Amino acid sequence: MPQPLLRRCMRDQIRDRLLERILEGTYAPGHRFVELDLAAEFQVSQSPVREALRELEVMGAVDSLRYKGTRVRSPNPVEMAEAYALRAILEQRSAELAVPCPPAVLDSLRADLAALHEAARDRDVARYSRHAFNFHRSIVVQSGNHLFLEIWENVQTRARLPFVAQHLSAELASCAADHDPILAALEKGEGASAGRLLRTFMESLLAKLPR
């Protein structure tokens, strides 16, 4: 029993690390994974690497083709639209449930929002994507609904935040500014208002997605 549990732990850690890199844009669409290289990086056998890649395929993050290997999936316009439509609903309800937010949560949101504005000024898409992810995830976490969080995290592989941020690179400053009233509403304990603002923001992104 100990060995399978250990292997599963390694598989999960490798999967999570690779998924983080995909979501941050470190691995661009089309990036090909080489099992031997990943095994050497993580200092494991190829077995947990192969299992991690298989799980990422189930999640929709990668494609695995015979004789062509495993690659990061290219953005799918239909999936992205569906992902943002679902995010709009999840995040609206999460904000409603998130209040009152503890001081530590508000401080974390303020830090991410400040970093969001800074990244927008620098046109740093990767940094913008990372802090936007953190900002929105914190609100879903604060809802206290574990299923919301599980669904939200699974949706991120389809939402392709770095790709969307790159597509909207000229509008990053205005996108960052759209987060200001959301935080202000949460600071006032106005969950319904924050939820409406989040949904409006998500739906505005949906309207700008490439088709």
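The values are calculated or read from the model by the stated rules, or taken from the named source; none is laboratory data. Only a predicted model underlies this, so the values are computations on that prediction, with no experimental measurement involved. Virtual Cβ from ideal backbone geometry, glycine too; neighbours counted across all protein chains shown. The area values use the complete protein model at the heavy-atom level, side chains included, leaving out ligands, DNA and RNA. Shrake-Rupley method; radii C 1.70, N 1.55, O 1.52, S 1.80 Å.
Structure notes:
- Residue in segment 81-97 that is closer than 30 Å to A39 by Cα, in contact with a Gly (Cβ under 8 Å, 6 or more places away or on another chain) and assigned to a helix (DSSP H, G or I) present: no
- Filter result for E91 (among the acidic types (D, E) and either open to solvent by 50 Å² or more (accessible area, probe 1.4 Å) or in contact with a Phe, Trp or Tyr (Cβ under 6 Å, 6 or more places away or on another chain) (or both)): no
- Residue in segment 71-88 that is farther than 26 Å from P29 by Cα and either open to solvent by 50 Å² or more (accessible area, probe 1.4 Å) or of a type in the set (K, R) (or both) present: no
- Residue list for segment 137-179, filter: touching an Asp or Glu at 6+ places or on another chain (Cβ under 6 Å) and either within 12 Å of V125 (Cβ to Cβ) or open to solvent by less than 40 Å² (accessible area, probe 1.4 Å) (or both): none
- For segment 28-57, filtered to residues that are farther than 30 Å from A165 by Cβ and part of a loop (DSSP other than H, G, I, E, B), the residue that is most open to solvent (accessible area, probe 1.4 Å) is Q43.
- You will find that of A95, A88, the residue that is touching a Ser or Thr at 6+ places or on another chain (Cβ under 9 Å), closer than 13 Å to W152 by Cα and among the hydrophobic types (A, V, I, L, M, F, W, C) is A88 and no other.
- In segment 112-123, the count of residues that are assigned to a helix (DSSP H, G or I) and touching a Ser or Thr at 6+ places or on another chain (Cβ under 8 Å) is one or more.
- Any hit, segment 193-209, residues being part of a helix (DSSP H, G or I), in contact with a Leu (Cβ under 7 Å, 6 or more places away or on another chain) and among the aliphatic types (A, V, I, L, M): yes
- Every listed requirement among (1) open to solvent by 40 Å² or more (accessible area, probe 1.4 Å); (2) in contact (Cβ under 8 Å) with a residue 12 or more places away in the chain; (3) of a type in the set (G, A, S) is met by S64 save one, (2).
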